[in-house]
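Reading through the structure tokens given below for one structure.
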Amino acid sequence: MDTQIKTEAGQQNNRRYLTVWRWHFYAGLLVMPFLTLLALTGLGMLLFANITGKEGERIHITPQAVVQPLSVQAEAARSAVNPETSSVVQYIAPRADDMVAVFRVNNEGKATMVAVDPYTAKVVNTMPRNQGWYHTMDEIHSDMMLGAAGDYLLETAASLTIIMVVSGLYLWWVKQRGIKAMLLPSKGRARSWWRNLHGSFGTWVSLILLLFCLSGIAWAGIWGGKFVQAWSQFPAGKWGVEPNPVSVVPTHGEVLNDGKVKEVPWILELTPMPVSGTTVGKDGINPDEPMTLETVDRFAREIGFKGRYQLNLPKGEEGVWTLSQDSMSYDMISPFADRTVHIDQYSGKILADIRFADYNPFGKFMAASIALHMGTLGWWSVLANVLFCLAVIFIGISGCVMWWKRRPTGAVGMVPPAQKIKLPVWWAMALPLLLIALLFPTALLAIAVIWLLDTLLLSRIPVLRKWFK
């Protein structure tokens, strides 16, 4: 009797294992092409950010004793684009003494990044804004150059990746029954060797992959834009600075982001901007001084901005001077030093001084995880990101090799695990996975679509049933 009970229990556990394996197989089949694309473009962004710079600012020049006034540098940048109709809207301070300053110049609806030697005020290079190799990789990485449709696809892939990771960790735990055995691949032959490497690499990168998925989809269109960011923003009057009564209060993202390019910290993107012309704020720049680039830059240095930082000029009559420095923009390596300061263009008063300490818990999580995600924490994080991207690519390759080696000779179709075996739904595992899907709407939608396809097509059409089931 005991033997029979043990046998039945073993068969039940085996059916459960096969059920989860099947889920893991199909989840991997759906998401690995997207993860491979994200890994490759992530490697490209790492490469170009550290060689040419995001805005082409890593051009070296010869340091000299005297730096030309910012107004002279800005005029040289403006004249290089169009001396009659162009205007300077942003200044990016040099990263180091031997690197160029960069000015963003707008002219007839087009933006140009102009690199200027700060010692001679000579233009070193010009390039259309957001059209370099870094930005090409970034566009593919963010939405595959498909706009909202690509954003939703990648959000769905990231959401399903969470399910793939959870199911994969379960499968590997059942096989290894120990953390040490899960992390260190054992020797094997043929398919078992690939399985051991696949499981061990998957265990090592799983937590980072989950972190990257969360930080990525928190900036995606549905889970991020409609849910998480909506309740993570700052209230308009947090610093005692209520915007002037206007019908629509502009947000940081609308004013400072250039289209879909993310340039402000995640938590500030939907936060209302303060406006100039109020009587509030604390003392900043002496109102008797003219509000010029030199004046604002000097004040920025006085209040603690060092090295590379960004200075955005006021937009319109209610616009503000904005000083910002954050790791997401590659200004510095520490996300804990994030800072954004808004200055009234008329009174010179500080309307807001936003620092990492002001962020709510999820905003702090995003600032830190995005820095890790982008590899901006120093050379060690660049190397760690390179190894991580290569590991993700290897996991996809090893999964394909395992599938091919398991596939019977002459087999037709996908040949999923437990093919032609009727498996029961294991609700103890299915319910947590469905709960995860509920947290991420695009994953739930994808599961619903797959279930409908399976019910209405795959199970009813012999050719499709033979290929997929």
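The values are calculated or read from the model by the stated rules, or taken from the named source; none is laboratory data. Since the model is a prediction, treat every value here as computed from it, not as a measurement. Glycine also receives a Cβ, built like all others from the backbone with ideal geometry; neighbour counts cover every protein chain displayed. Protein only, heavy atoms only, side chains kept; ligands, DNA and RNA dropped before computing areas. Shrake-Rupley method; radii C 1.70, N 1.55, O 1.52, S 1.80 Å.
Listed values, structure above:
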| item | result |
| --- | --- |
| Hz values of 3J(HN,Hα) by residue in region 437-445 - Karplus curve (6.51, -1.76, 1.60), Gly and Pro given as x | 4, 5, 6, 10, x, 5, 5, 4, 5 |
| 20 Å Cα-Cα threshold exceeded, pairs from Lys226/Lys262; Lys110/Lys315; Lys226/Lys315; Lys110/Lys262 | Lys226/Lys315 |
| Distance between modelled label sites at Arg189 and Leu456, nm, 7 Å Cα→Cβ extension | 5.0 |
| Charged-residue dipole, Cβ positions (Lys, Arg, Asp, Glu), the chain about Cα centre, Debye nearest 20 | 3800 |
| Cα-centre dipole for region 263-392 with unit charges at Cβ (Lys and Arg positive, Asp and Glu negative), debye to 20 | 440 |
| Using a Förster distance of 35 Å, the FRET efficiency for Leu40-Val412 (Cβ separation, nearest 0.05) | 0.70 |
| Per residue Cα convex hull volume in Å³ - calculated over the chain | 193 |
| Positive dipole terminus of region 127-197, leading residue within Ile162, Tyr152, Met127 (C-beta point charges) | Ile162 |
| Per-residue [θ]222 nm for the chain (sum of -39500 (n - 2.57) over DSSP H runs n ≥ 4, rounded to 500) | -16000 deg cm²/dmol |
| Mean Cβ neighbour count within 10 Å, used as a protection proxy, ranking 266-274, 399-407 highest first | 266-274, 399-407 |
| Nearest-ten-degree value, helix 191-217 long axis tilted from longest Cα axis of the chain | 40 |
| Cα long-axis angle, helix 361-374 against the chain (0 to 90 degrees, to the nearest 10) | 80 |
| Karplus-derived HN-Hα couplings along region 324-335 (A = 6.51, B = -1.76, C = 1.60, θ = phi - 60°), whole Hz, x at Gly and Pro | 8, 8, 8, 5, 4, 8, 6, 6, 8, 8, 9, x |
| Amide hydrogen neighbours beyond the local backbone of Arg129, cut-off 5 Å, H modeled | Ala111, Thr112, Met113 |
| HN-Hα J in Hz across region 164-181 - Karplus 6.51, -1.76, 1.60, θ = phi - 60°, x for Gly and Pro | 4, 5, 4, 5, x, 5, 4, 4, 6, 5, 4, 6, 9, 6, x, 5, 4, 5 |
| Solvent-accessible area of Leu153 with every protein chain in place, 1.4 Å probe, in Å² to the nearest 10 | 80 |
| Residues Ala149 and Lys226, FRET efficiency given R0 of 22 Å [Cβ-Cβ distance, rounded to 0.05] | 0.85 |
| FRET efficiency for Leu390 and Thr295, using Cβ-Cβ distance with R0 set to 45 Å, rounded to 0.05 | 0.40 |
| Fully extended contour minus Cα-Cα distance, from Asn125 to Asn14, at 0.36 nm per residue | 33.6 nm |
